[in-house]
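Asker: Before I ask anything, let me first share the structure, which is written out below as structure tokens.
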Amino acid sequence: MPLTWPVQRRGVLTDKAIKRAHRTGELTVTPFEPDLVRPAAISLRLGGEAFALESTGTVDIADRSTYPELRKKELDADGRLRIEPGEVVLAPTLEKIGLSEKLAGLVDGTSDYARLGISVVLCGQVSPGFGREKGAVLTLEIVNHLRHPVLLHPGTRICNLMLFATTGSDQPYGTLPHNYSSDHSVAPSRLADHVGRN
């Protein structure tokens, strides 16, 4: 069932509207935990895998062969994810999400993590139609700005997804070439597909 809000009420979805969008199928979140719905966002949790970005030289965005390697990071004996100082780690959300062509999203880290010197999201836009077919994870870009390691706990709340009702998109994100709309795990950058040689 499509959203039927009048144009003048379009904007940020509050908790009531988020729950309504989930009930009507305009928003899919798997698994869905009602307690993660906040006043004007839904929280997402850290997934169980992570990859460190390791570069070996200058990165040319047009040349995939120069891209950093994704090195899988193993959890410690207590199931924690260790982020070293200055390290850039890619990790998926636990939840897979799907947006209709009438919803857009903005992902951001939480104040709790920022106050510990941790950046969680470097690229926050979620376009209309993202994950619409089967749901997709959001890949988080986590950076430790401290001088010492930080231990993160998979399965805990790590970011917020703010949702916006829109007038609809003629070209949903999933129809664009080289998109991330069907990713069920972390995928490397596809920028070279857009700008240069492969």
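Asker: Condition first: without any contact (Cβ under 8 Å) to a residue 24 or more places away in the chain and touching a Ser or Thr at 6+ places or on another chain (Cβ under 9 Å). Now tell me which residues in region 92-151 satisfy that.
Answerer: Matches in region 92-151: CYS123 only.
Asker: Quick one: count up the residues across region 114-135 that are under 16 Å from the mean Cα position of the chain (by Cα) and either of a type in the set (A, V, I, L, M) or open to solvent by less than 20 Å² (accessible area, probe 1.4 Å) (or both).
Answerer: 10
Asker: Something else about it: Could you tell me whether ILE42 is among the aliphatic types (A, V, I, L, M), under 18 Å from ILE158 (Cβ atoms) and not in a helix (DSSP H, G or I)?
Answerer: yes
Asker: Determine the pairs where a residue that is touching a residue at least 12 places away in the same chain (Cβ under 8 Å) and among the basic types (Lys, Arg), located within region 51-68, has a partner that is open to solvent by 80 Å² or more (accessible area, probe 1.4 Å) and part of a loop (DSSP other than H, G, I, E, B) with Cβ atoms under 6 Å apart, the partner being 6 or more residues away or on another chain.
Answerer: ARG64/ASN198
Asker: Mind checking which residues of region 45-79 are of a type outside the set (Gly, Ala, Ser) and in a helix (DSSP H, G or I)?
Answerer: Once the filter is applied, which keeps residues that are of a type outside the set (Gly, Ala, Ser) and in a helix (DSSP H, G or I), region 45-79 yields ARG64, THR66.
Asker: Let me ask something else about it. For region 11-39, give me each residue that is assigned to a strand (DSSP E or B) and farther than 17 Å from THR110 by Cα.
Answerer: If the condition is that a residue be assigned to a strand (DSSP E or B) and farther than 17 Å from THR110 by Cα, then VAL12, LEU27, THR28, VAL29, THR30 are the ones that fit.
Asker: What number of residues in region 78-108 are under 14 Å from ALA50 (Cα atoms) and exposed (fewer than 13 other Cβ atoms within 10 Å of the Cβ)?
Answerer: If we filter region 78-108 for residues that are under 14 Å from ALA50 (Cα atoms), which is where we start, we get 79-84, 87-94.
Okay, now just the ones that are also exposed (fewer than 13 other Cβ atoms within 10 Å of the Cβ), so 79.
Result for region 78-108: 1.
Asker: Sort through LEU138, LEU163, LEU151 and tell me the only one that's loosely packed, with under 13 Cβ neighbours inside 10 Å and touching a strand residue (DSSP E or B) at 6+ places or on another chain (Cβ under 7 Å).
Answerer: LEU151
Asker: Also, quick follow-up: Just to check your reading of the model, which residue among SER182, SER111 is open to solvent by 40 Å² or more (accessible area, probe 1.4 Å), under 20 Å from GLU49 (Cα atoms) and polar (S, T, N, Q)? Steps first, answer last, please.
Answerer: On the way: SER111 fails: under 20 Å from GLU49 (Cα atoms).
Of the residues listed, the single one that is open to solvent by 40 Å² or more (accessible area, probe 1.4 Å), under 20 Å from GLU49 (Cα atoms) and polar (S, T, N, Q) is SER182.
Asker: Taking the criterion of being more than 25 Å from ARG71 (Cβ to Cβ) and modelled with pLDDT of 95 or more, would at least one residue in region 148-159 satisfy it?
Answerer: yes
The values are calculated or read from the model by the stated rules, or taken from the named source; none is laboratory data. Remember, it's a predicted structure, so these values are computed and weren't measured experimentally. Note that we place each Cβ from the backbone using ideal geometry, even for glycine, and neighbour counts take in every protein chain shown. Calculation scope for accessible area: heavy atoms of the full protein, side chains included, ligands and nucleic acids excluded. Shrake-Rupley method; radii C 1.70, N 1.55, O 1.52, S 1.80 Å.
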